[in-house]
Each structure stands twice: as C-alpha cells, then as structure tokens.
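Heads up: the structure comes next, in structure tokens.
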C-alpha cells in the first residue's frame, strides 16, 4: 500500500541492496530475531540457484518417464540424493581444499564443491532410459607436490621431480620484483636471490626485509641447498654473517634429522617459516655483536675470532716452515744466479710476495707464542658486567689473601705489577714469594691477571682494597676507581667527559694452569712444580674444613663482610683478625661448593642445594632438642594443634593473668 505522499509503508519498504546477510539464517541455522532481524534472511545465492537448477533438471527428466506408466504414483518416486546435487560443479566454483585434505566441518553447508569420494565409472546407459547415457563426472586434479618421500624409495627421477617442484614453488611464491635469477658464467649453477620480509605486525626494527641467495644442487634434496646472505644490502656484515651461520646450522640439523628418520623432505618452505619466526631474535643477537664491535673500535681494539687465530697458527706448522725455508733458500740461490747472468726468472715477483707473506705469518706466530701470559694462577672475575661506556679495566694494585702451604695460616699481601713481593709466614717462618702480572679486562675477557706464587696458595681476592683503572669509550681517557664490592654495581662518572661508567663482579675464581709438558731439563726443575698446589678456594669443591671454624661447628659457609670486603667463617673470626667494628654480612660462600651468593639464612645453596646451617627441627621431642614453636612445627606433628580448642575456666584464666 502507498500513503497519500506516495511512499510505501514500513511493511513493504524494500531493504537496501548493501544490507549484509544474516550469518545464522544463511548457514541454515535458526535466527532468534526472526522478522525483526536487521540483516537479510536469504540463503547463499549460488547454492540456492544450484539447488533450483538441479531440482528442475531432475524433475524434467523423471516426471515424463513416470507419467507414461499407468497407475504409477508420482509421489512415490525415490527422493533425490544429496550427492547428485554435487555431481557436477557449478560455473566458477572451486573445490573445497579442506574436503580434499580429508574433512570439512561445513559439510553440506559449504559453498565450495565437494567431489565424490570414488572415481566415476565409464559411460554406460541407464537401465530405465537407454537413450540417455550417464555423464562422466570431472575429476579434480590433486596437487602434484611431493613434500616428503622415503629415503629408500628415492630414485633419480623422483629426486629430479622434487627439485623441479621446489624451484617451481620458489618462482610461484615470490613475484618478479622480489626474485632475481642469476647464472654462473659456466652455466652450471643457478642462484635465486629473493627478498624475505618479516610478517610480524609489531616488528621493532626499521629494517624489515632481508635478501637471501639460494642454489639447489643437482642431487637435491639428498643434499641441502646452499644459502648465502649478500653483503650488498642495508644489513651490516656482522649481522649478515650471524644470520647465515644460524640458518646453515638449522638446515644441517633438519637434514640430519631427516636422514635419521629415513625420509627426504623439501626444506625451502620450512626454512622460510623458521626464518620468519626467528628473524627478530637473529637481528637482536646480531645487533648485540655489532654494538660490541663498535665499542671496541672506539676504544682502539680489534677482536679476532678464535677460528681465525687458530687458522693463522695452523697455517704453517714447524715441519712445513723448515721445508719452506730450505726451498726458499734454494730458489733464492737460483734466482741470484740468473740475475748475475743477466736473466730474471718469470716468477721472481710471485716468489718474493709469497716469502713476504710467510715471514708475516711466522712473525705473527712467534708473537703469539712469546706474548702468551697463561702461566701461573689465573685470577678471573666471575659475572663481570661492564657498562656501555666502560671500555677496559686494568688492576694497578691488588690485595690477595694467601694461605701458607706448610701451616695453613692465611695472611693478606698487597701486590703490584711492577716488582715481585717476598714475605715470611708469621707461624712457621716459611719464605713466601708472590708476583702479579695484570691483564686488561674488557667485554670479551674477564681475566684480571696471573699470579706467580711459591710456597703459598691463594684463598681470596679482597676486591674492595684493589686499585683499578677504568677506560672510557667516549673520551678514551683512563681514571682510577676504588671500593668495588662483590655483587654490587659500582657506578661513577668519568673525570674527563662525565660519562656514566659502571662495573659489577659476582665473585673471584683462582685456577692454576698446568705447565707445558715439553719443558724438560734444568728449566723445569728450577721452577719447582712439586711445591705448587691448587688454590685453596675452587668453585665446585668444598672450602677448607667445609667452611667451619672453632666457634661454629655446624656452619658450613664463609661470610663476606662489607666493612673490609674479606670473607671469614663467622663474626668472631672477623673480630679476632680485624681491629674495626664489624658490619653485618651481605654475601656468603657455600662451604660445600664454594659458590658465592647473597646472604640468606636457613635456605639451601643455590648451586648445590646443600644446607649451610643446621636444619630447623620439626619434631616436638627428639630427645629434648626438638622444636617447641607451634608456628615452625610440621603440620603432621600432633603437638602443633594440641589444646587449641580446649575450654579454659575463668578461674584458670584469672590465675594466668
């Protein structure tokens, strides 16, 4: 109906064309709003038209056939099956990928095509209608991608097919602007350079993509593909090498696992997924290495990896050096003869360059052997942490607590890196010789120096009495620092540029370095290696007498007092040895494993789990030595809740008052 103004009423008002479908009604479910729903109540158009077309086609084919039979009721014909409605796909409909993989949760409500589970039979006439043949249903092409096969079934044809499939997937995955195909000059190897972009929406770095270059060998996938990170991109070389090394390690581990399982797998797409998940972690680790290299470069230092140093040392062994020297002398004599005769050899310049390089290598090896300070007792600061602007730390003077090898009496001795020190034991008058050779502490080394000791062993390093020199990265100037305590971050400012510097050390470890076996004769006997013993305090081994003393026999620990920075078994031992007032200890050393840790009373060691004091007794009696406090009692003790609900008379309560 229309009103006087020519407008339709609310009941017949057409719905807007852009109104969305009701998701409950379109999926064949019940809508609780009914006609009041704001969304359109219609089925999927493609499914509705398909069902209508199939229904009309079946009716046109079936109804005339049954109408010719007299007395046949049309209403008793068999109902159409659901599979016939999906016998042929509609125009533009794609097969359901979930149904092809095994199961589709939407089932009949799915708007994609579900092919029949069995292959179609050959064309043959229908028993009721010989003139109308059965139409052959089109088969759905299965994806011809062999992700993994058994290693025993792998042949050359299958390997070639897998390799071609991997290359086809690579070209299909990356567009032309992200893929560069390069061939070597001989045409034997083809390189594929692709750009991989991070898919993380919360990517923290400005650089969001990385270029990788892969090459598939002829026997791929029996052998893993080669991976290179090009250096001609915005990624720094240090980070590129780190990403390449981590990627190669993952590929080798994955290939080794497949070899153990007896299967062959295409690894390029799994590698891309792993790289996408691990790119943030790899960039973070590479950035840390880059920052360390930049800090060292500002400080005027150069870090040489151990692999390069070992390759330099092993490049020319002793036998090769002797042979090369003999050959070099023979060649030099021949060249001199040719030059004297007016003829110069064609390879004279090449041999001269080789000789220069060999001399450089030999000099480098000699310098390494001569400057090797690893002898004596190594003093290492465990848990060393230097601030961002802290470049180097050098000890000018240290105070070491030494223990006599004969009478086991300890005494403090101050050492400098200039001259050795000679002392005498207070109890047995034994001669004690000690010398200190300082080293440079930096971000890659935590060795404070080396001790050369005779008739004594180190027990502790009094870090609070050590004089250190700290180098600043901002101004490249050195400044003194004192009163550094274990387990506490020492923060201060540079005297020249006022930059913030900091240093932290958890504990000290002494490690005796065994002498080399090739030292024989008088030089070895003069050192007297039999008199040298291991340090008194070693990590992983118990303290002397397991940390006990004559005052406390059940206390298996040493306490480090902040007043002097020294470690003693108890406060009484501290007062007997020192003349200043004692402050409460903040750190302690476990008597079972010599692990230094923050002070905690009544708790086990954080390293070995042993109790350093007598455990709290939980039983009530235990021969008269048990616990009487109901708060500390075990909940299974019958005395813990005894007399808690007992009624007390007023007279008894008054007597108690």
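What the table below lists for this structure:
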read-out	value
Amide N of the stretch 455-489 lying under 19 Å from the label point, which is placed 7 angstrom from the Cα of residue 424 along Cα→Cβ	455-456
Orientation-averaged projected area, Cα convex hull of the stretch 148-298 (nm²)	10.9 nm²
Percent of alpha-carbon pairs separated by more than 16 Å within the stretch 544-598	35 percent
Spacing of the two label points (7 Å from each Cα toward its C-beta) at residue 183 and residue 467, in nm	7.4 nm
Distance between modelled label sites at residue 193 and residue 545, nm, 7 Å Cα→Cβ extension	7.3 nm
Mean separation of Cα contacts under 8 Å, 6 or more apart, over the residue count of the stretch 222-302: relative contact order %	37 percent
C-alpha center-to-center spacing [the stretch 388-402, the stretch 226-260] in angstrom	39 Å
Per-pair calculated FRET efficiency, R0 = 30 Å: residue 202 and residue 176 via Cβ, rounded to 0.05	0.55
Sorted peptide list for 440-452, 424-436, criterion being average Cβ within 10 angstrom, highest first	440-452, 424-436
Whether the stretch 225-286 is rounded, prolate or oblate, judged on the alpha carbon gyration tensor where a/c under 1.5 counts as rounded	prolate
Relative contact order (%) - criterion: Cα under 8 Å, at least six apart; region: the stretch 544-598	35 percent
Extended-chain gain in nm, criterion 0.36 nm per residue less alpha-carbon gap, residue 38 and residue 153	35.4 nm
Point-to-point label distance, residue 248-residue 112, nm (Cα→Cβ direction, 7 Å offset)	4.1 nm
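None of the figures in this text is laboratory data; all of them are computed from the coordinates on show. Not measured: the values here are computed from a predicted model. Because the Cβ atoms are built from the backbone with ideal geometry, glycine has one as well, and the counts that use them run over all protein chains shown.
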